[in-house]
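One structure is given here, and the rest of the page talks about it.
The values are calculated or read from the model by the stated rules, or taken from the named source; none is laboratory data. The shown structure was predicted, so the numbers you read here are calculated from the model rather than taken from an experiment. Positions of Cβ are generated from backbone atoms using ideal geometry, with glycine treated the same way; all protein chains shown enter the neighbour counts.
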Amino acid sequence: MTDTSTDQRTPGDVAEGKWFGRVMRWGQLTLVENDPQEYDPDFWLDYFERAKCDAVCLSAGGYIAYYPTEVPLHHRSAWMKDDDPLGKLVNGCRERGMAVLARTDPHAVHQPVFDLHPEWIAVDSDGNHRRHWAMSGAWVTCALGPYNFDYMTEVNLEIMARYNVDGIFSNRWTGSGMCYCEHCRSAFREATGLELPRTSDPRDPARREYILWRQNRLFELCEKWDTSIRQVSPDSRFVPNSGGGSLSDLDMSIFGQVAETAFADRQGRSGTVVPWAAGKNAKEYRATMRDKAVGGIFSVGIEGSHRWKDSTQSAAEIRVWVADSIANGMRPWFTKFGGVLHDRRWLGVVEEIYQWHHRWERYFRTQEPLARVAVVYSQQTAKFYGGPAAADRVENHVLGMYHALVEARIPFEMVHDRLLTPEVLGRFKTLVLPNTAALSEEQCEQIRGFVAAGGGVVATHETSLYDEWGARRDRFGLEDLLGVRPTGGVDEDVKNSYLLLAEDAHTGRRHAVLDGLEQATRIINGVRRVNVEPIDTSLPAALTVVPSYPDLPMEEVYPRQTGANEQGVYLREVGAGRVAYFPWDVDRTFWEVLDPDHGRLLRNAVAWTTDEPSPVEVTGPGLLDVTVWRQPDSLTVHLVNLTNPMAMRGPFRELLPVGEQHVRVRLPEQVRVTRARLLRGDVPVQARILDGTAVIAVPGITDHEVIAIDLETVAGAAGNRGR
């Protein structure tokens with residue numbers, strides 16, 4: 001494939017010329033069985049080239065083979081005849097200098113496979129082989145047994161031997177729910193001495209062991225496929241389609257070590273998914289992948305449970321979703337289901353985005369985020385504390401915190417709870433723990449070390465009240481930082497409760513965490529609260545709790561108690577660091593209710609614990625996702641305009657521009673600004689330098705604007721200071 005200059009390679013390149021660090025724009029064509037007779041492959045090859053794709057993912061095999069396979073029982077497309085659709089596409093892409101992944105899908109098989117190998121088929125809890133839920137005549141495979149480990153290994157090797165592709169990208173390879181086949185039962189019994197669990201409760205020892213066993217088995221499968229592929233072609237890789245945030249099946253801290261590259265398969269919005277979810281996925285992957293390349297898969301069709309796979313999203317929806325993934329560090333990957341076009345409206349939109357991305361790609365390579373705030377996401381909390389209710393008890397806390405920081409325009413990253421090392425945390429000033437309930441003693445000690453080094457912590461609800469296996473402690477693991485001890489259980493459904501805004505008895509002033517609430521004497525409380533008491537009762541309270549009182553009859557709606565001893569936030573200076581602890585679910589309630597007062601509390605708590613200027617400050621109208629990056633010779637600030645009546649429930653109908661934004665960017669020491677430019681507007685812009693800060697006015701933003709500030713090193717420490 002076409003090489004690129006050395007200065008454009010990412011630190012994720014393992015060696016000179018490795019494709020997985022070099023490619024920037026992906027296209028995927030997922031064929032349906034009759035495509036070989038119905039579609040125009042030359043159209044797609046031409047479109048990939050026009051859109052500046054430097055890598056593609058093409059349907060190869062598994063459920064259906066799109067090449068003349070010789071593996072027994074590997075179902076060939078009935079419309080293929082004697083042709084080789086995969087070979088034609090691979091050769092065409094190679095001629096155009098593109099990297100190629102071959103897509104497989106091992107989650108289902110046809111009837112002849114079941115007839116000869118029923119042991120390859122998944123079994124439900126009642127002992128029945130599982131028919132496919134959507135396709136009559138198809139059967140669901142067991143992901144952890146010989147079908148994947150033996151049969152699909154043979155398929156992968158055949159594809160590699162025939163086409164020497166750059167890798168195998170496998171879809172739905174982790175299985176389709178729990179399997180009770182004989183292989184799974186015997187393998188689990190041999191590994192653990194236990195029978196497969198019949199409950200999803202993580203407190204059940206068998207369920208806990210199953211979570212770990214299944215994960216290890218999947219990593220074994222990854223290793224087997226990757227090793228066999230590399231024996232054919234050392235530079236090729238197995239690329240698993242999986243991973244992500246706290247609710248992901250696989251431990252992302254391990255995934256980040258074993259995967260050379262990854263692709264975030266959050267293809268679009270549905271229901272109440274917010275547009276910044278694409279950026280969140282990018283940050284979750286980067287937390288463990290670090291500087292390795294991560295692609296952001298987006299569908300050109302409508303996403304949702306009704307599965308309209310031949311649909312087309314609105315142009316505005318595609319633009320905002322892709323903009324937020326690029327702004328947060330991902331490389332775009334469009335996916336199209338079916339080679340026959342029923343709606344061409346998306347083609348020009350994606351082509352324009354890709355051509356723009358290609359033109360300015362030097363600003364999207366070799367980049368390091370400059371955020372000083374990090375939000376922890378905890379898979380062990382989700383698995384062993386949240387269990388079946390993890391979406392509500394764990395992820396909704398993260399979503400509320402995430403949205404509060406986006407609204408506050410505070411640049412931030414995400415950190416995996418298994419990677420709380422000084423190396424990872426050293427570049428941050430504040431660590432945010434949104435109900436990170438399950439923490440080991442080692443993890444608590446790592447957080448203590450971070451605070452001892454001058455770091456800040458914002459923690460909510462039951463953070464550290466459980467150990468890493470979800471067992472409740474009799475104290476908080478971070479008791480010495482939070483400054484409280486539990487006095488009972490958790491109030492799960494608090495109604496009509498409030499928080500009094502207190503003034504310091506000595507100064508008569510309110511704490512900085514209450515900034516912006518000057519005209520209020522009280523605000524609403526949350527929904528869930530841990531019963532705690534302070535260890536040091538001498539510290540002043542910024543918020544105190546007004547306990548619940550009747551909400552009916554209306555004549556009875558008045559507080560019986562105006563000031564309880566309970567506090568709404570515990571604010572402490574611990575050595576060189578600062579800690580803010582909310583015993584209630586301020587982040588989860590913010591996500592449910594979106595009360596702006598809760599957003600202010602979270603913003604102010606992060607600002608107080610960070611206690612330093614932000615790397616970038618943006619003022620102006622609208623809801624913006626703000627990120628800031630350092631390249632070897634430049635800084636870039638991404639401003640993604642999420643302002644839209646459909647921001648909290650999609651899709652966008654149109655893009656609604658926001659007005660002028662004033663941007664202040666802190667400059668590194670010993671550099672000089674040589675040029676500033678708006679990349680979407682494609683115009684130069686003036687950068688005024690004031691005491692080490694570049695001040696730039698952005699006239700307006702439609703969907704996405706990028707400020708690119710070119711730098712050069714200067715002798716001496718003055719640089720841009722005071723100019």
- Within segment 134-150, how many residues are in contact (Cβ under 8 Å) with a residue 60 or more places away in the chain and closer than 30 Å to TRP19 by Cα? 4
- List every residue pair whose Cβ atoms lie under 6 Å apart, where the two residues are 6 or more positions apart in sequence or sit on different chains, the first residue falls within segment 579-592 and is assigned by TED's automatic domain parsing to the domain that holds HIS397 and part of a strand (DSSP E or B), and the second residue, located anywhere, is among the basic types (Lys, Arg) and at pLDDT 95 or above. VAL579/ARG572; TRP584/ARG529
- Residue in segment 198-210 that is modelled with pLDDT under 95, surrounded by fewer than 17 Cβ atoms within 10 Å (Cβ to Cβ) and closer than 26 Å to PHE334 by Cβ present: no
- Task: Determine, yes or no, whether GLY256 is surrounded by 23 or more Cβ atoms within 10 Å (Cβ to Cβ) and in a helix (DSSP H, G or I).
- Result: no
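From the set of residues in segment 295-316 that are within 26 Å of GLN367 (Cβ to Cβ) and over 13 Å from the mean Cα position of the chain (by Cα), which is surrounded by the fewest Cβ atoms within 10 Å (Cβ to Cβ)?
Result: SER299.
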- Query: Quick one: which strands (runs of 3 or more DSSP E) sit completely within segment 498-569 and have at least 1 residues that are polar (S, T, N, Q) and surrounded by fewer than 18 Cβ atoms within 10 Å (Cβ to Cβ)?
  - Reply: 529-534
- Item | Test for VAL398: is it over 22 Å from SER248 (Cβ atoms), buried (at least 24 other Cβ atoms within 10 Å of the Cβ), modelled with pLDDT of 95 or more and hydrophobic (A, V, I, L, M, F, W, C) | no
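Table: residues versus (1) buried (at least 24 other Cβ atoms within 10 Å of the Cβ); (2) in a strand (DSSP E or B).
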site	(1), (2)
TRP44	no, no
VAL56	yes, yes
GLY61	yes, yes
GLU70	no, no
TRP79	no, no
LEU86	yes, no
CYS93	yes, no
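Identify, please: which residue in segment 448-465 is in contact with a Ser or Thr (Cβ under 6 Å, 6 or more places away or on another chain) and part of a strand (DSSP E or B) and is, among those, farthest from LYS429 (Cα to Cα)?
VAL458
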- Item | Top-ranked residue of segment 472-493 - restricted to ones that are in a loop (DSSP other than H, G, I, E, B) and free of Cβ contacts under 8 Å to residues at least 60 places away in the same chain, ranked as farthest from GLU533 (Cα to Cα) | ASP493
- Query: Is it fair to say ARG603 is surrounded by fewer than 24 Cβ atoms within 10 Å (Cβ to Cβ) and part of a helix (DSSP H, G or I)?
  - Reply: yes
- Task: State all residues of segment 471-497 that are surrounded by 13 or more Cβ atoms within 10 Å (Cβ to Cβ), of a type in the set (A, V, I, L, M, F, W, C) and either modelled with pLDDT under 95 or closer than 26 Å to GLU441 by Cα (or both); if no residue qualifies, say none.
- Result: PHE476, LEU478, LEU481, LEU482, VAL484, VAL490
- Task: Taking LEU250 as meeting all but one of (1) surrounded by fewer than 17 Cβ atoms within 10 Å (Cβ to Cβ); (2) modelled with pLDDT of 90 or more, write down the number of the exception.
- Result: (1)
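Quick one: which residue in LYS292, LYS283 is surrounded by fewer than 23 Cβ atoms within 10 Å (Cβ to Cβ) and either under 20 Å from GLN257 (Cα atoms) or in contact (Cβ under 8 Å) with a residue 40 or more places away in the chain (or both)?
On inspection, the qualifying residue turns out to be LYS292.
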- Task: Considering only segment 341-436, give the helices (runs of 4 or more DSSP H) lying wholly within it that have at least 1 residues that are in contact with a Leu (Cβ under 8 Å, 6 or more places away or on another chain), over 30 Å from ASP42 (Cβ atoms) and of a type in the set (A, V, I, L, M, F, W, C).
- Result: 396-408, 422-425
- Message: Can you tell me which condition PHE450 does not meet? The list is (1) surrounded by fewer than 22 Cβ atoms within 10 Å (Cβ to Cβ); (2) within 28 Å of ASP474 (Cα to Cα), and all the others hold.
- Response: (1)
- Determine the pairs where a residue that is among the β-branched types (Val, Ile, Thr), located within segment 54-67, has a partner that is in a loop (DSSP other than H, G, I, E, B) with Cβ atoms under 6 Å apart, the partner being 6 or more residues away or on another chain. VAL56/MET98; ILE64/GLU33; ILE64/HIS75; ILE64/SER77
- Message: Just to verify a result, which residue in segment 658-679, among those that are part of a loop (DSSP other than H, G, I, E, B) and either of a type in the set (Phe, Trp, Tyr) or closer than 16 Å to VAL628 by Cα (or both), is nearest to the chain's Cα centre (by Cα)?
- Response: LEU679
- Message: Just to check your reading of the model, which residue among TRP356, TRP346, TRP360, TRP308 is out of contact with any strand residue (DSSP E or B) (no Cβ under 6 Å at 6 or more places or on another chain) and at pLDDT below 95?
- Response: TRP308
- The residue from GLU209, GLU190, GLU154, GLU195 that alone is touching a residue at least 12 places away in the same chain (Cβ under 8 Å) and either over 31 Å from the mean Cα position of the chain (by Cα) or in a loop (DSSP other than H, G, I, E, B) (or both) is GLU154
